[in-house]
1. Picking from Asn122, Ala139, Ser42, whose Cα lies most toward the positive end of the charge dipole for the range 37-190 (charges on Cβ: Lys, Arg +1; Asp, Glu -1)?
2. Separation between the Asn142 and Lys56 pseudo-spin-labels, each 7 Å from Cα along Cα→Cβ, expressed in nm?
3. Give the aspartates and glutamates whose C-alpha is closer than 13 Å to that of Lys163, dropping any in the same chain fewer than 8 places away, or say none.
4. Trp148's amide H: which non-local residues (gap 5+, or another chain) put their own amide H closer than 5 Å, with H modeled 1.01 Å from N in plane and none for Pro or chain starts?
5. Would you please classify the overall shape of the range 31-185 from the alpha carbon gyration tensor, given that a ≥ b ≥ c denote the square roots of the eigenvalues, rounded means a/c under 1.5, and beyond that prolate means a/b larger than b/c while oblate covers the rest?
6. Which entries of Lys57/Lys121; Lys31/Lys175; Lys48/Lys68 show an alpha-carbon separation above 22 angstrom in the structure shown?
7. Using the crude model of +1 on Lys and Arg Cβ and -1 on Asp and Glu Cβ, and no other charge, please compute the dipole size for the range 28-95 relative to its Cα centre, in debye to 20.
8. Need one number: nm distance between label points at Gln132 and Asp88, each 7 Å from Cα along Cα→Cβ, rounded to one decimal.
Amino acid sequence: MKNVFVNHVYLYCIIFMLNFLYASGVKGSLKEAFINVSQIFSESSQGKILQEKIMKKAQELRLELDKKSNDLQQLKADFGKKAATMSDDARRKEEKRIMQLERDFSALANEQQEEFEISGKNMQRAWEVEFQQFVTEWAEMNDFDIVWDEITGQLLYARSSLKHTNDFLLFINKKGDAKKSVKQVIPQKS
């Protein structure tokens, strides 16, 4: 709860500063929007489709893993029934084979977990790209200057006229060039 409060205070301070700086410019004040990304993810049709895809992938992997687990359990049960009638050599070979199958099963479970995580992240990234396009389109259609995530305070959209990276790069490069020329003029100590 404290982190949410701190995030909101931080967000409001940023908004106040941006409004103050922007208001001193030509246009006036910023037109801002706040949207709850978590709510959109859980309630939008696109978010629900993504959730369904993730659940389907998890279910597919779980079914495959359950089948292999059942097969391994059945093999162990059959071995338990036959072990008393097997020769020592045959029993050791079968025990080794079962132990290898258990290691293979464990490795498969780990691989499937990794596959699920990678698949989920890829689906999430694809949704985020599509979501960002929706936010941009919606913000421009409604003439917003800035759109924020109301929970995290993350900036989701800023009108291109507010973006000044190239101007800042020129500024900082000029400062860097000025410092280089000063260092060249000052003799170095030997």
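1. Farthest along the dipole direction, towards plus: Asn122.
2. Distance between label points: 3.1 nm.
3. The reachable aspartates and glutamates, counting only those whose Cα sits under 13 Å from Lys163, are Asp145.
4. Distant-sequence amide H within range of Trp148: Ala33, Phe34, Ile35, Leu156.
5. oblate
6. The pairs that break the limit, which is 22 Å between Cα atoms, are Lys31/Lys175; Lys48/Lys68.
7. 60
8. Result: 6.7 nm between the two label points.
Read the figures in this text as sums done on the coordinates, not as results from a lab. Model, not experiment: these values are computed from the prediction. With ideal geometry, Cβ positions are generated from the backbone for all residues, glycine too; neighbour counts draw on all protein chains shown.
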